[in-house]
Amino acid sequence: MTSPKKLPKTDPFLEREIQKYQHPIPSREYILLHLETEGKPLPFQAIAQRLELHDSEVLEALRRRLRAMERDGQLIRNRRNGYGPAKKMDLVRGRVIAHPQGYGFLVSDEGGTDVYLSEKQMRSLMHGDRALVNILGIDYKERREGALVEILERNVNEVVGRFNYRKTPPISLVKPDNPRLCHTILVHNPQHLKAKDGQIVVVKITEYPTIDNPPIGEIIEIIGDQRAPGMKMDIAIRTYELPHQWSVETTQELKHLPKTVSKKMLNTRQDLRLFPFVTIDGEDAQDFDDAVYCESRGKGWLLKVAIADVAHYVKPNTALDQDAQKRGTSVYFPNQVLPMLPEALSNHLCSLKPHVDRLALICELAIDFYGRTRRTNFYPAIIQSAARLTYDQVAQLLTGDPTTFPYPHLIPHLENLYQLYQLLLKRRRKRGAIEFETIETKILFDQHQKIAKIQPVIRNDAHRLIEEMMLAANVATAEWLNAHSIPTLYRTHQGPKSEKLSELQQFLNRLGLKLGGKDQPQPLHYAKLSEKIQTRPDVRMIQTRLLRSLQLATYQPDAQKGHFGLAYPTYTHFTSPIRRYPDLLVHRAIYHCLQNQPVEQFFYTQHDMEKLGEHCSMTERRADEATRDVLSWLKCEYMQNKIGQTFKGVIVGVTSFGLFVELEDVFIEGLVHVTSLHNDYYHFDPIGQQLQGENTGILYQLSDLVQVKVMRVNPEERKIDLELQTLNALPIQGSQRKKSRRR
């Protein structure tokens, strides 16, 4: 039995509460500590007595705080009105991720395995809701299964979908465009804006679903015909509730921002304008977060990473900050950007443009001959970027003729960066960071905003050079902040879950391969296997399975969880505060430490960071889903005039219902449905990711080269139906076929 925690005589976070509130009361941390020490739920009056609170205003503030802690899932109030910590009651709080087929999962705030929610439990829930669930047990798939206890926060306020009017019986419905929103919405004001059948509309939810009733809403906007130019972007913005308008208060605050950097700033900052910092980005980049400079120091190096000083302009709790927090991240659609910060900041005042003064937060690293960071130093500065370079320019310099490079005076500095990059790359491989070379694509549009061409983006040494410099700065920042024990957000990435690991090991065994580490593989084991398979024809298939076995990276205030993929014990995001809110929070934590202020007086608590980490992880997923959705729509639109054409392709996914094939040269996926595979019954092997004919023994698996015909394209459902023409594989014969059947 563990001994109870010893209570401090006074609230250690009192100073922070005094700064935040006119009538300060005990902090959330202090209240939780009291309740955990008590060992049983306490009613309101008992909590007030324990905290020695008697004044009526203070008691009302305590009542509101307890309700807020209850809403956030920190406390549970039982039927006797007693408050207790949720974790003491074996309840799990987190965010709901809905599946298009009706069931869902609760991603716990505390980490660990997700909790499965059946279709029945999901009737009252919608995608993105925050909820509190009770663990019922383990289902037949060995997953934790939960039952809904309480909905803490609704995520969906407005829904975009297709309006449908049925005459018999007369009823108006809206089917959501987002496939994760499985509820059809009943509309009670269909005539309000005179919506027509088939139009895309925006519905405001007025009544949320219950276990017995569907959600009810009212039409607040008619977007129009889904096929209109640029319409898909507007639909995605509303479907995923992406904030896309600046508040009136933000617009007012922008008017008071300076247009240039004042020379007075030199009084409080280091002047680094004579250092030849450079930015290296893509050709179409507008917001320049980072600039780098490197010089040799004996047998080692001094690396200066200058990051746009967004924290100087965007202060906590301002309108600018609140809008940035809501957005969480910039959203990069194929031909449009929804920035996290207004363009006056993101593309101008904060952007590290060449030959103009800019404020920056410097991360200075002293790196030794072995690539180890020996000293980390942070300080505010003024810099002037010497040049805006592109990846292609730098790559051409590093691998080709330097005489064509437009900035010859910068060549020695770039060579310093390249030598340091090679050193850091060796260290990266030594520690076992996982490297998967995936094909990224770039879409080129015509004058009508239609896809003209899809081309692959070739990663070169310039991409990898900047990546290594940013990694070095990020990991050094994480270690520095962890040493200061200040609440902040870390970029965490966990190793494979046991279920995924077991499936991966069975799959590899069939190929005669082995992943080291047994039940607890390390990044180095993944890296070694990835290196071993590079010459195999099925390398892409194996890399896909390795990648899918890993969990998603998230933002959490726990430094100890580390980053599995990068093989770092602790890691954070520091280098992109223009486009990522977690980076801005990290900058604020650094400034608080640089000012030598007590950690207890930091504006953010550990609980604040837990909520912000969950929010920023959600906004990242939301942005990914929105951009993926738009991309799928545009690709379907591009393929509509190619129905009947034949393409070569490769099988990139195998399911029980068919084969996903990526078409050669256009990098677009379509589905060969299992019902279109003629002359046999086909059975799915989930471990081997294969479809095999019962009688012919023909085997379809990842990485097989095929020839397919485009049969149907449905942009509304983001579906491209293909039909198989030829396959490069032959039927499995003899004993090999019988063995496969037995399996």
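The values are calculated or read from the model by the stated rules, or taken from the named source; none is laboratory data. Here the structure is a predicted model, which is why all the values come from computation and not from measurement. Glycine also receives a Cβ, built like all others from the backbone with ideal geometry; neighbour counts cover every protein chain displayed.
Listing for the model above:
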read-out: Of all residues making up region 437-453, the number that are under 18 Å from ILE466 (Cα atoms) and surrounded by 13 or more Cβ atoms within 10 Å (Cβ to Cβ); value: 0
read-out: Odd one out for VAL599, checked against (1) within 14 Å of the chain's Cα centre (by Cα); (2) surrounded by fewer than 17 Cβ atoms within 10 Å (Cβ to Cβ); value: (1)
read-out: In region 485-513, the residues that are in a loop (DSSP other than H, G, I, E, B) and either within 30 Å of ASP608 (Cβ to Cβ) or without any contact (Cβ under 8 Å) to a residue 12 or more places away in the chain (or both); value: SER485, ILE486, PRO487, THR488, LEU489, GLN494, GLY495, LYS497, GLY512
read-out: Exclusive hit being touching a residue at least 12 places away in the same chain (Cβ under 8 Å), part of a helix (DSSP H, G or I), surrounded by 20 or more Cβ atoms within 10 Å (Cβ to Cβ) and β-branched (Val, Ile, Thr), set VAL706, VAL630, VAL654; value: VAL630
read-out: Residues being at negative phi and either part of a helix (DSSP H, G or I) or out of contact with any helix residue (DSSP H, G or I) (no Cβ under 8 Å at 6 or more places or on another chain) (or both) - total across region 102-112; value: 4
read-out: Selected residue [more than 30 Å from ILE219 (Cα to Cα), among the small types (Gly, Ala, Ser) and crowded, with 17+ Cβ neighbours inside 10 Å] from GLY73, GLY112; value: GLY73
read-out: Scan of region 228-256 for residues that are in contact (Cβ under 8 Å) with a residue 12 or more places away in the chain and in a loop (DSSP other than H, G, I, E, B), ordered by number; value: PRO229, GLY230, TYR240, GLU241, LEU242, PRO243, HIS244, TRP246, SER247
read-out: Filter result for the condition that a residue is modelled with pLDDT of 95 or more and small (Gly, Ala, Ser), over ALA306, ALA395; value: ALA306
read-out: Subset of region 308-338 (residues that are over 23 Å from ALA589 (Cα atoms) and surrounded by fewer than 23 Cβ atoms within 10 Å (Cβ to Cβ)); value: TYR332, PHE333, PRO334, ASN335, GLN336, VAL337, LEU338
read-out: Where a residue in region 518-538 is without any contact (Cβ under 8 Å) to a residue 12 or more places away in the chain and buried (at least 19 other Cβ atoms within 10 Å of the Cβ) and its partner, wherever it lies, is outside any helix (DSSP H, G or I) and aromatic (Phe, Trp, Tyr), with Cβ under 6 Å and at least six apart; value: none
read-out: Residue within region 157-175 that is out of contact with any helix residue (DSSP H, G or I) (no Cβ under 9 Å at 6 or more places or on another chain), loosely packed, with under 14 Cβ neighbours inside 10 Å and within 22 Å of GLY94 (Cα to Cα) present; value: yes
read-out: Verdict on GLN560 being in a helix (DSSP H, G or I), farther than 26 Å from PHE684 by Cα and of a type outside the set (Lys, Arg); value: yes
read-out: Residue match in region 492-514 (condition: within 27 Å of PHE333 (Cβ to Cβ) and in contact with a Leu (Cβ under 9 Å, 6 or more places away or on another chain)); value: yes
read-out: Failed criterion for LEU125 (all others in (1) in contact with a helix residue (DSSP H, G or I) (Cβ under 7 Å, 6 or more places away or on another chain); (2) buried (at least 20 other Cβ atoms within 10 Å of the Cβ) hold); value: (1)
read-out: Selected residue (criterion: surrounded by the most Cβ atoms within 10 Å (Cβ to Cβ)) from residues of region 205-226 that are over 23 Å from ARG622 (Cα atoms) and charged (D, E, K, R); value: GLU218
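The rows are residues; the columns are (1) outside the structural domain of THR279 (by TED's automatic domain parsing); (2) closer than 21 Å to ALA626 by Cα; (3) not charged (D, E, K, R).
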position: LEU320; (1), (2), (3): no, no, yes
position: LYS326; (1), (2), (3): no, yes, no
position: LEU349; (1), (2), (3): no, no, yes
position: PRO354; (1), (2), (3): no, no, yes
position: ILE367; (1), (2), (3): no, no, yes
position: GLY371; (1), (2), (3): no, no, yes
position: ARG374; (1), (2), (3): no, no, no
position: ASN377; (1), (2), (3): no, no, yes
position: ALA386; (1), (2), (3): no, no, yes
